[in-house]
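Colleague: Structure below; questions to follow.
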Amino acid sequence: MIWGRHASLAALESGRPIHRIWCTPEMRSAAKFLQLLRDAKSSGVLVEEVTWARLGQVTGGSVHQGIALQTAAADTLDLDSLINGCKELGEAPLLLALDGVTDPHNLGAVVRSAEAMGAHGVVLPQRRSAGLTGSVAKVAAGALEHMPVARVVNLNRSLEKLKDSGYRVIGLASEGDTTLLDVDLEGPLVLVTGSESQGLSLLTRRHCDHLVRIPLRGVTPSLNASVATALCVYEVARRGWMKDIHGQAPSPPMTRPKTAPVNEPVQQEQPSQSEQPSQSEQPLKSEETDSSEQIDPSTHPSQSEQPLASEQPLASEQPLASEQPPESEQPLASEQPDQNQQPVQNQNLPLDDASDAELPEVALDLSQPPDSTSIRFDQSIQLSS
């Protein structure tokens, strides 16, 4: 769990896998988080607007500053990437879709069985589903690192997209009209498993091509969701890659879909990649700024405005140390001009002392130290002369 503005902003910008985001309405509309939260939601992250009190309960009373993140234990994909990656497998792909499985232990057990039996991916909805938390990773016993997981906004629309891509959708339901031994399990398949309490939702059942049941003999009316899914995945493997294995013959090597994590496009939008040219230009801009400050006419005259060598005062005309104003007449630290203007004052001192005879029409009060405006005025007189 991550909370706080700066920590949450860094996690979102780094492309770290995130399962869930809680934020207040003010934080969701903030300039720094608006686009990042939109990108997170489009990539399958559940974004919820909650009150400050609810966010305090989520963070255990910590100073959350209006936002909290629940990080995921593994990267997720979008559905299109998973479908495209399965096209080059060389074998019939097998995907699992979970509808309403909110128990992290069941989700971890499903991922473990699916990866061991040779499934190629898992499809999880944003809502009404357990996230890829540490508990799921522990129960999966390392399988989560090898199993591609796609997060989708709407499971039913995703099933229709899979059907358009050539998959057959098979739902597990106790009232199914076909047993597991009778159903055709050839070709690209999607096995849909519902929750233990309610099973598949009514809308999800309508999007299934077949409803399959597992015959039971005992008094127990149903099986655990992860166990029922494991039995179905085993039946698919038994008819597929297991049919030619006997004795101690090794299993064929696993072919995995070539997919990229969904957070990689987000990282390309980060300033670290998309704005690298601008970062490389930063030193140039700073040099241009420094050079512009060095030739600022208000503080330093340009080369064209510099007096010629013949007009520069000779070393003999420079005021002696005894002619310098005493420290008591020096301006205070708050009244002293910037360092960039000090060379100008040094240039004006000979002008004030040596030009009394040359420019009698200029009457200046030298009892007070010249400020920035008088410096510019004297400099303009020197340039005009």
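Colleague: So for 174, 43, fewest C-beta neighbours within 10 Å to most, what's the order?
Modeller: Listing 174, 43 from fewest to most nearby Cβ atoms yields 174, 43.
Colleague: In region 117-178, what trypsin sites (Lys or Arg not before Pro) fall in a loop by DSSP, with at most 16 other Cβ atoms inside 10 Å?
Modeller: Qualifying residues, ordered by number: 127, 128.
Colleague: I would also like to ask the following. Counting other Cβ atoms within 10 Å, which GluC sites (Glu not before Pro) in region 26-114 have at most 15 and lie in a DSSP loop?
Modeller: Filter output for region 26-114: 88, 91.
Colleague: Under the rule a/c < 1.5 gives rounded, and otherwise a/b versus b/c splits prolate from oblate, where does region 127-264 land using the Cα gyration tensor?
Modeller: It is rounded, given that a/c, with a ≥ b ≥ c, falls under 1.5.
Colleague: If every alpha-carbon in region 82-155 counts as one equal scatterer, what log10 I(q)/I(0) does Debye give at q = 0.14, 0.27, 0.28 1/Å?
Modeller: Result of the Debye calculation: -0.40, -1.30, -1.35.
Colleague: Computed over the Cα atoms of region 2-71, what is the ratio Rg over Rh, Rh following Kirkwood?
Modeller: With Rh from the inverse mean 1/r over Cα pairs, Rg/Rh is 0.91.
Colleague: With each pseudo-label sitting 7 Å past Cα toward Cβ, what's the residue 153-residue 182 distance in nm, one decimal?
Modeller: Spacing of the two 7 Å Cα→Cβ label points: 4.0 nm.
Colleague: Let me ask something else. Can you compute the modelled spin-label distance between residue 174 and residue 231, with each label point 7 Å from Cα toward Cβ, in nm?
Modeller: Inter-label distance under the simple model: 1.2 nm.
Colleague: Okay, next question. Does region 1-150 classify as rounded, prolate or oblate by the C-alpha gyration tensor (a ≥ b ≥ c root eigenvalues; a/c under 1.5 gives rounded; else a/b over b/c gives prolate, otherwise oblate)?
Modeller: prolate
Colleague: List the GluC sites (Glu not before Pro) in region 157-194 that DSSP assigns to loop (not H, G, I, E or B) and whose Cβ has at most 15 other Cβ atoms within 10 Å. Which are they?
Modeller: Answer by residue number: 175, 186.
Read-outs throughout are calculated quantities, based only on the coordinates presented, and are distinct from any laboratory measurement. These numbers were taken from a predicted model, which means no experiment stands behind them. Using ideal geometry, Cβ is built from the backbone for each residue, glycine included, and neighbour counts are taken over all protein chains shown.
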